[in-house]
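Q: Sending over a structure as structure tokens; questions will come in a sec.
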Amino acid sequence: MPKLYLTGQFAKMANVSERTIRYYDKIGLLKPSFVMENGYRQYSEKDFIKLQKILALKHLGFSIEDIFPMVTSNQKFEDSLNLQISLVNSRIAHLQVLKDALQTTIRQIENDSFDWKDLISLVQMTNDDSKIVEQYMDSNNLKVRIQLHNQFSTNPQGWFPWLYSQINFNGVNRLLEVGCGNGQLWENNSINLRNREFFLSDSSEGMINEVRQKFGKDFNCMVVDCEKIPFKDHYFDCIIANHVLFYLSDLDQGLSEIKRVLKPNGIFYCSTYGKSHMKEIQDIVKGFDERIELSSNHLYDKFGLENADELLKPFFKHIEKKEYKDSLLIDQAQPLIDYIMSCHGNQNELIGPRMEEFKTYIQEIIEKNGSIFVSKQAGILLCR
């Protein structure tokens, strides 16, 4: 029989207030292992592990909404600690850079060489601490979404191998991928890079750091804003934008820049979704709570398979569309829940406090039907 602790004992041992423990219980972030008939809460050692993670992530700057999916996933304790170590190391590295900048500023003031314009950079650097959380969330959410497809796709050739197979590398000496994410496109594909310049770029510094760690010096990795590509005209033989264009704030400006740095005889590969892509998942969450929106806007409305041709025509004369045939058959609840909680909508706010109820809801759907069928509609456009 595991040792159990009442709320007051649990809070005292953890050095937090009872009010905090009650609040976490109320919102569903940390439910007690047992509730007695008289309503008293009893917490176990497993609850201590979960509380430690909550407090660590909160200290590192994560919001309660961000913490919900990170705590409710079935992550091993060792993996949880390794995650925290990684985040702490990122914080230490940032603080060291900030310390160096502050010391440099002091020396400049002492030497009467300080320019008040430098204060702007110092303020920005001081505020950059929040980017550690943002970059982790971007990277982790991307991994969760990729994992769902890898695990439950009915097409034995996954999206990234299929996309890679569509690219003609003959005569490609200079290549740019915009929005490379974590570099998944290149992870299991070997290509001779001798006498070639291949650039992997992303707007997220965290993603680029991950790609550098993954590939070393095999690729040129850099932070790039797709709407301001820092290369001269007609530089690249090939440019790739995998599920990127619908995120641009100014799509025409981004396409204009891509066209500018692409050679006249070069080729541009861009991928996107269609309106029916993963629509069953939205239907499922709506069945749980009508208020849930997994995205604040529909990406396919901005740049989707249905309207991509018209949006690309002002920039490219020849456009060929190829669709990727696939679907998902999901027979496990947790990977689907992780995917849902990784989306960009309001699901953390609405599902988080009812997570156990939501888990039961998903499990009952799977038990009733054997699996959950999810349609996919994605493809690539070859532009010249």
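Q: For a 18 Å ceiling on Cα separation, which of these pairs sit above it: LYS143/LYS325; LYS58/LYS286; LYS3/LYS31?
A: Values: LYS143/LYS325 22 Å; LYS58/LYS286 29 Å; LYS3/LYS31 16 Å.
Over 18 Å Cα-Cα: LYS143/LYS325; LYS58/LYS286.
Q: If the viscosity is 0.890 mPa s and the temperature 25 °C, what translational diffusion coefficient in µm²/s does Stokes-Einstein give for the chain when Rh comes from Kirkwood over Cα pairs?
A: On the way: Rh = 23.8 Å.
Answer, rounded: 103 µm²/s.
Q: OK, next. So who's got an amide H within less than 5 Å of the one on LYS376, skipping anything under 5 residues away but keeping other chains? H placed 1.01 Å off N, in plane.
A: Excluding prolines and chain starts, which carry no amide H, the hits are MET278, ASP326, LEU328.
Q: Quick one: order ILE85, ILE267, ILE191 by neighbouring beta-carbon count within 10 Å, fewest to most.
A: Lowest count first: ILE85, ILE191, ILE267.
Q: Another question, then. If Rh is defined by the Kirkwood formula over all Cα pairs and Rg also comes from Cα, what ratio Rg/Rh do you get for segment 5-72?
A: Looking at segment 5-72, the ratio lands at 0.95.
Q: Same structure, new question: For a footprinting-style exposure proxy, rank LYS325, LYS217 by other Cβ within 10 Å, fewest first. Write down the numbers at each step before the final one.
A: On the way: LYS325 12, LYS217 8.
Fewest to most other Cβ atoms nearby, the residues stand as LYS217, LYS325.
Q: If you average the sequence gap of Cα pairs under 8 Å that are 6 or more apart and divide by the length of segment 5-72, what percent do you get for the contact order? Mind showing how you got there, number by number?
A: Values: 55 pairs, mean separation 18.2, N = 68.
Value for segment 5-72: 27 percent.
Q: By how many degrees, 0 to 90 and rounded to 10, does the Cα axis of helix 45-59 deviate from the longest principal axis of the chain?
A: 50
Q: Under a Cβ-only charge scheme (Lys and Arg +1, Asp and Glu -1), can you give me the dipole magnitude of the chain about the Cα centre, in debye to the nearest 20? All intermediate terms of the calculation are to be shown ahead of the outcome.
A: Numbers: 45 positive and 51 negative charges, 115 e Å.
Computed charge dipole of the chain: roughly 560 debye.
Q: Measure nothing but the geometry: give the 0 to 90° angle between the long axis through the Cα atoms of 118-127 and the longest principal axis through the Cα atoms of the chain, rounded to 10°.
A: For 118-127 against the chain, the angle is about 50 degrees.
Q: In whole Å, how far is the Cα centre of segment 223-247 from that of segment 1-78?
A: That distance is 45 Å.
Q: Can you tell me which of 202-208, 52-58 comes out highest on packing, and rank the rest after it, using the mean Cβ neighbours within 10 Å? Walk me through the numbers on the way to the answer.
A: Details: 202-208: 20.1, 52-58: 17.9.
With the highest mean Cβ count within 10 Å placed first, the list reads 202-208, 52-58.
Q: How do TYR339, TYR23, TYR273 rank when sorted from fewest to most other Cβ atoms within 10 Å of their own Cβ?
A: Numbers: TYR339 24, TYR23 13, TYR273 20.
Lowest to highest Cβ neighbour count: TYR23, TYR273, TYR339.
Q: Rank PHE68, PHE160, LEU381 by how far each Cα sits towards the positive end of the charge dipole of the chain (+1 on Lys, Arg Cβ; -1 on Asp, Glu Cβ) and give me just the farthest.
A: Toward the positive end, the furthest listed residue is PHE160.
Q: Indicate the gyration tensor shape class of segment 192-261 (rounded, prolate or oblate), computed on the Cα atoms with a ≥ b ≥ c the square roots of the eigenvalues: a/c under 1.5 is rounded; otherwise a/b larger than b/c is prolate and the rest oblate.
A: Numbers: a/c = 2.27, a/b = 1.31, b/c = 1.73.
Because a/c hits 1.5 or more and a/b fails to exceed b/c, segment 192-261 counts as oblate.
Where a number appears in this text, it was derived from the coordinates with a stated rule and is not lab data. Keep in mind it's a predicted model, so treat the numbers as computed, not measured. All Cβ positions, glycine included, derive from the backbone under ideal geometry; neighbour counts span all protein chains shown.
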